[in-house]
Every structure is written in structure tokens, then in C-alpha cells.
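This report refers to the structure that appears directly beneath it.
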Amino acid sequence: MAFSNKNSTNVGASFTRRQFSFLAAASSLSFLGTRHAFALQQLHISTPFTGTLAPVFPLTARSHDSFAALMEYVPSVDPDAAFFRSRVPRARRISAFAPTQAHPRLSPLPQVATLTGCYRTLGVAADDGYRRSRYGAPPQGGVYVSRMISYHDVVVSWSGPGMIPNPALTDAAHRNGALCLGTIFQPDKRIFDSSAVPAREVAAKFVELAIYFGFDGYFMNFEQGTPQGHAQVLDLMAMMHEEAHARGKSDFYLQFYDGSANMDLLMPVRTPGSPSVPAASFADSTMLDQGWSGYSMTHGCCSGQPTDAASVYEYCRKNGLDPYKSAFFGYQLYPGPGYLGLSAPSVIHPNDSATAYGSLQVYSFEDGLHTMQEAIDKGPGHNSSLSSEEEYYALERSFFSGQSQNPALDNTPTAEQAHLYASVAGGTRRYTEYSATEDQSTDQLRLPITYGVANFTVEHSVIGAFPFLTRFNLGAGDAFFIDGVKRSDQRWFNMGIQDLLPTWQWWMEPMHGTLDRSAPHYAPLQVGFDRALAYDGGASLRVSGLLEAQDSVSLRLYKTKLDVMNADDLSLHLVWQGLAGTEQNLSVGLVFEDVPEHVEWIGFTETERVLHQQMGHGWTRSRINLSAWRGRTIAAILLGFARAKPSRAGTTVDLHIGEIYAGRPLTNETLAAPSGFTVAAHAAGVAPNTVQVRFRWQSSDADDYYDLYSVGETAETRTWLGRVSADSYYAESVEVNGSTAFELVATSRAMPLLRSAAARLRCRLVDTGDWGKASAVAGAFLWHYTKCPS
């Protein structure tokens, strides 16, 4: 494992004094230039400036002594730090409910953790620079943003910026109820041996960073150390827990990895348990090296010795540890993701948890998917109607939902696949990495994807109370829409603003009757996300295809636990558009906890139960009053598609869902504009008539997120610049012509349909005077930052 983490670092490097001095000096000097510049309080900026105001990711600048830089680093005095804080609280997950699980016999106890990166360039070569960006414009090949984050319990920021997770990853993990950890990779011995500063001071520094930047703890990667160093690292983790507790962070979490599969080393018992109190180790959990499974790459990676999963379970039980919370069996998947289907049944019996010895940890599966896609693209006879980006996401669905891409199917290996599992690598588990030029029988990539993550662990959901809102925003898009109007036609990515995506992708079954779970495939309709059309954000849910004579298709979307209270104003809304007559074929399905085997279908032609409102731009809002189900609990939300009339030609379905909302309707209540909206810094952009701007404002816990706009001379020129759950934003390239205003709009957390009034700043272009005279100023050109007049 130590050889494959090319992008992780030990502790990184600090924000340098030189950078800080530059920003401090910039506050008192202005950059002068050509005859047209962007004016803020009559201070001028010219287009010749070619520098960048882009914030630098904390502790990633080069340093001659990264340990000293770590200990000297104080986030509150780093002018870039605020741009990388996560302020999204970790959502609470609802309890498991077996009758509505994709596989009712799966135990809810085993968990899933991952070592991953926030972004991955989908082009030929990975561009690690994007991993240090919270948001931005993607490269030509696109940037991968996971659509399956809800399956994870623990997300480790692995191939990324280093010790501090990308805040977009933390935002997405927290919104789905998962923990997000930074990585301390092969730490400098001064971190744990107290030779430079007491180890407790180091522990306090790590906790300080986690609290300030809003993540949950660390993955401690300490390999091939001495026994003394190993003991010191364990003590350091104990100190980190103590420091976190002293600072009020009760959910601080540590996962330990030492390159072995020896539980005596990984999870030694620090505090014995009792009948009422479980035992405690130094870390909260461990990842067993992938060598536990007998896996061994020919490059010498994975040093853990083969270990029987049952013995790990017995160790935990004997010592008072919870095996599902303590032991995560590692799977190194960057050479090929199909290894999960081969080996995971050794830990958890697929689809029914007849045996379950612990939890699963998948490592760099996204790199394995990329390698698999490259091999498929280069293979003979490859022909697909999907773009390479969508092919990649289809592989992601296969990895999580199983080879059928339907998580409710068993996804059992075929006889041919089972034979391949047994025959590759000579019946052993010794594999090589994929080579595009050499045909190696031991390529791990030869292993097919069969079982998915959903065949071993239950799905998760945080939808446990009203209101619930999703607009299927993927965290990346080719444009951005607000209320059905396109407000930007620029490509973008920002995982931190991804909505809650469907729990199951894609669980289809007949509306009436039962699903044959042993079937290799069941997908009578095509389901996916359409980035060309959205109601709010960058995508909508699209369902399309042909309904044949006897077809009636149920699509399960969200696992919920919504108690319908004694209120008449609770309702379920769908914002949609489709072909003429779509309402004849469309129904919403509700499953209730008291009768989970039955689906209550509400057809869109039932005018006494469904109220339709035209929203403009082709969208319709359909509202279903929930008062008929007072006192009951909604356990799942579905869509149904059935033919209204027989037809030889069948019925064509082409439906876009732009929003699903459950809660009280929007009222006339007004939300005050955000306060403290300022331009903290600005400079000319690279392109003519553009500027780069740093915005700041006062965030509020009552606000879920903020949208930022530029507005020209008329409201029709209102352009979306970005969305973020934070108190700062950097806009890289804003077009300015004449008078330009900036607006900031908040969205309420408690009432997610409610937006605030806009906080507004107006700026204008002015004549800077003679360039020759300006160029003589000290022979140097610096930008000035201040605030726009309101």
C-alpha cells in the first residue's frame, strides 16, 4: 500500500510568510494598467496582470521542513484558509428497515469505508491539481464526482491534497451522514516521538485543524516502523482523542493502518470492556492490509499476511470490540475493481449475511474503474452510444449496484465468471497491474465486476424528517439552471453542492408482482441523469424507453422515514416535464412502514389527489397532499410507469424530474439578505474585460448554501457564478462590461424552497488615465483589494 499512494504526503507544507506578506502588501497598493480597469471605490486594476488570486490549499506549499511548517501553521491567520472550510453539519442517518432494503436479509451492521479522492480527471492522465480545488471548471476529459457517496460510512481523503480533506468531499460526506477523514501518511518521527516538541502538542495541532476545517479525524498510515515507533503512534492517537474531547469534539474519529493484518498490532485493547461498556482501542477502527485475503501483487505491494476473516471476528469478540465498527478488511482495487466480487464473500455472505465477520474498505476503486474503461475502449469491437464520461459512471454503478446495475438483483457470478475467478493467477490471488502493451494472464483487470457493494451492505439514507428536497444536482454540470432558467452555460464541478441522489441506482421491478432477484438483468426503461436540462442545478433525472403491452415498471428512488404529522399542509411535490400525455402513464408510489409489502400508487390523472401547476419553461409542479396518511410513516418514495391504453406500437416514455420536495408549501415569508457581503480582493483576469474576485460574507447556521451572481445592466444578464456552503468564494473569471453588480442569495436550511433577498454590490469600469505614467510606480505591479461600495 505504501507504494501506491503517489498523491498523499506526510504533513504537507505551510502557507509561506512570503505569500502572506504579498497579500498584506496588496492591501495598501493598487495595480495600475491599461486604459480600462475594474474600479472598486475608484481604485484601479488593469488587464495586464497575469497573476492569480486563487486560494492555495492549506499545508500544500513547498517547505524545507514540513514538520516545522505544520507546527507553525495557524489557520486563522492564513487568508486562504477560509476558502477551504467545510460548514456542512453531518446529517443523522435513519435506522435500517429490512422490508424496504434492496436485500432484506442483509445485516445493517457491516459498514463500508473507502480511500478515495475528491475528484479524478477522466482524461488519459490524472491532473492532481483538481484535487486541491474546491470547485472550478473541468478539463476537456471531465472530472469524476462520485454519485454513490451515500453507501459509505467512512470516507478517507486519500489521493488528494494530503492531510486536510478537500472541503467539497467533507461537504458531500456530511450531507450523506458519513465521516470524512484526512490522511497522515508515513508521519515524520518528530510527530510522535516528542524529540522536537511534546507529542501532545502535535496531537492538539491535528485536532485544531480538524475542528477549524470541519472534518472528522484522520486515517493514520504508519508502515514499517520500529516497535517503539508503533507504540508511540498508538499513544499519539490516544492523545488526539483526549485533546478532541477536551475541545468538545465528541465525534473525533481515527482509523489506523500499519501495513499488516495483525489485530494485536492494529487494535490492541487499551480499555477492557464490561457488560455495559464496550472495550476501547487507541483508534476507532483499523484497515487490515489487503494481504489478509492472500492477495499479493507481483510488485511486492500488500505486506499483510493471509488471515482468516473468522479469526478477526473472534479477536474482536474476545476482547470486547465490535467487529463491524473495528475491523475493515482492505481491498486494493486500482489494478482492477473486480477483485471485490472475488474476495468480499470471504467476509460477508452476499445478499443475506448468513456470515458477516466485519466491514469492507475499498481502496482507489475509481482508479480501477478508469483503468477498466481504458481497456474496454481499446478492446476489439468497442461501440457505445454513451460518452466516455457516462461509460465511466455506468462502471461506477456496476461497482456499487452490481453487474446488472440493479442493486436489488443478486448479481451472482455466472458459471463463466466463477471459472474465471478460479483460474486467473493460477488459482492463487497473486495479480499484476494492467499493461496496455503486455498480455498477462495475471492482470487483476481480467476479474469481472460481479457482486456490487450493495450485495454486501445495506443502503443508507438521511431522509428522516420533513422537509426533504432534491433537485438531482450531481456536483458537476455543463450548465447551471435556477427555476428552470439557464443562468450559466459554463461547465463546472463542485462536489460540495451535490444533492441527495437516489438511494438506489437503479432499482426497477414490476409495479405488480415480484422481481426475480436471480435474473441477470432487469431494466425495461433507461434511467439516468441528464445534464442538458435541469430545474435547479446542473441535472435532472431522466426516465425513457418504450412500455410494451404488459409493461408496468416501478422505480424505487429514496429510502425515507418521514412521519406524516397531524397537519393538513404537508405535501409531496414533483417538478417534471415530459411528452404530451405523460400524466396518463405516471404515478408516484409511497411505501409505509406499517404495510411495507404494499405500495400506495397515486396516478397523476387523479385530479382529486394531485394538483398540477404550470411553472414555465416547460416545467409542471404536481402536488400530492399527504393528509390522507396522517400518523403513518413513509418508508420509500417510488415512481411508477404503466400504459394507460393498449397499443400495438407501445407507449414511449421520456420524462425529466427536476425536483422532489416533501414538506410544507412555500409561504410569503421573506428571508433577510446575507450580511457582510464584500469583495475582499480583486484583480484583472487573464482575458480582456474579465476580473478575478474573492468574495466574503457573514455565514449563518440557518442558511444551507449561497448562490453568487453577476448582473449586468439588465436583469436578463444575471449570470450564476457559483454555489457554496461557506462564507467565501473565489470567482476566477467574471466578465465585466460597464456597470456590473454582484448578488449573493441564501437558501434556508429549515425551509429549503425559501431563498433570501439578494445582498448586492455594484462596481463599474473607469478610465485609469495614462498607462505610461502609471507604469513608473515603483517598477512593480500589485493588485489592491477592498470592498465595492453598496
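Using the heavy atoms of the protein chains alone and a 1.4 angstrom probe, what is the accessible area of the chain per residue in square angstrom?
Per-residue value: 39 Å².
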Phe466 accessible area, nearest 10 Å², 1.4 Å probe?
-> 40
Can you list, bin by bin at 5 Å, the percent of alpha carbon pairs in the stretch 255-330, starting at 0?
-> 3, 18, 28, 23, 14, 7, 4, 2, 1, 0
Calculate I(q)/I(0) for the stretch 331-489 by the Debye formula, one identical point scatterer on each C-alpha and no solvent, and give its log10 at q = 0.12, 0.14 Å⁻¹ to two decimals.
-> -0.63, -0.81
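Whole number please: convex hull volume per residue, Cα atoms of the stretch 472-585, in Å³.
Numbers: hull volume 20.3 nm³, N = 114.
It comes to 178 Å³ per residue, whole-number rounded.
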Treating each Cα of the stretch 396-451 as an identical point scatterer and ignoring solvent, apply the Debye formula and state log10 I(q)/I(0) at q = 0.13, 0.19, 0.30 Å⁻¹.
-> -0.38, -0.73, -1.08
Amide proton proximity set for Tyr558, modelled H, under 5 Å, gap of 5+ | Thr503, Ile637
Taking r as the C-beta separation of His521 and Glu374 and R0 as 22 Å, the FRET efficiency to the nearest 0.05 is 0.35
Please state the Cα pair-distance histogram of the chain with 20 angstrom bins from zero: what percent is in each bin?
-> 15, 47, 33, 5, 0
Starting from 0 in steps of 10 Å, tell me what percent of the Cα-Cα pairs of the stretch 525-566 lands in each bin.
-> 21, 33, 31, 14, 0
Relative contact order of the chain (C-alpha contacts under 8 Å, at least 6 apart) in percent is 14
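Determine the gain in length on full extension of the stretch His299-Glu438; use 0.36 nm per residue of separation and subtract their C-alpha separation, reporting nm with one decimal.
Stretched out fully, the His299 to Glu438 stretch lengthens by 48.5 nm.
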In Å, the C-alpha Rg and Dmax of the stretch 365-428 are 13.4, 37
Measure of compaction for the stretch 553-612 (Cα Rg per 2.2 N^0.38 Å) = 1.24
Give me the distance in nm between label points sitting 7 Å out from Cα along the Cα-to-Cβ direction at Arg664 and Ala415, one decimal.
-> 6.3
Report Val277's accessible area, 1.4 Å probe, all protein chains in place, as a number in Å² to the nearest 10.
-> 80
For the stretch 42-176, count all C-alpha to C-alpha pairs, find those more than 22 Å apart, and express that count as a whole percent of the total.
-> 53
About the Cα centre of the chain, how large is the charge dipole given +1 on each Lys and Arg Cβ and -1 on each Asp and Glu Cβ? Please answer in debye to the nearest 20.
-> 1380
Modelled label-to-label distance, Glu735 and His382, 7 Å Cα→beta-carbon offset: nm?
-> 3.6
Which value, in Å³ per residue, describes the convex hull spanned by the Cα atoms of the stretch 659-738?
-> 143
quick shape note, the stretch 624-698: Cα extents on principal axes in Å, largest first -> 64, 42, 24
Whole-Hz ³J(HN,Hα) from phi, Karplus 6.51 cos²θ - 1.76 cosθ + 1.60, for the stretch 442-458, glycine and proline x | 9, 4, 4, 5, 5, 6, x, 6, 10, 4, x, 3, 5, 7, 10, 9, 7
Square roots of five times the Cα gyration tensor eigenvalues for the stretch 274-404, Å = 34, 16, 12
Residue-by-residue Karplus 3J(HN,Hα) for the stretch 414-424, coefficients 6.51, -1.76, 1.60, Hz, glycine and proline x = 6, 4, 5, 5, 4, 5, 5, 4, 7, 9, 5
In vacuum, with every alpha carbon of the stretch 518-676 counted as one equal point scatterer, what does the Debye formula give for log10 I(q)/I(0) at q = 0.14, 0.15, 0.17 Å⁻¹? Two decimals, please.
-> -0.79, -0.89, -1.12
Cα-based Rg and Dmax for the stretch 330-399, in Å, come out at 14.3, 42
Cα principal axis extents for the stretch 168-322, largest first, Å = 41, 39, 33
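The values are calculated or read from the model by the stated rules, or taken from the named source; none is laboratory data. Here the structure is a predicted model, which means the values were calculated and not measured. Here Cβ is always computed from backbone atoms with ideal geometry, including for glycine, and neighbour counts include all displayed protein chains. Each accessible area value is taken on the protein alone, full model and side chains, heavy atoms only, with ligands, DNA and RNA left out. Shrake-Rupley method; radii C 1.70, N 1.55, O 1.52, S 1.80 Å.
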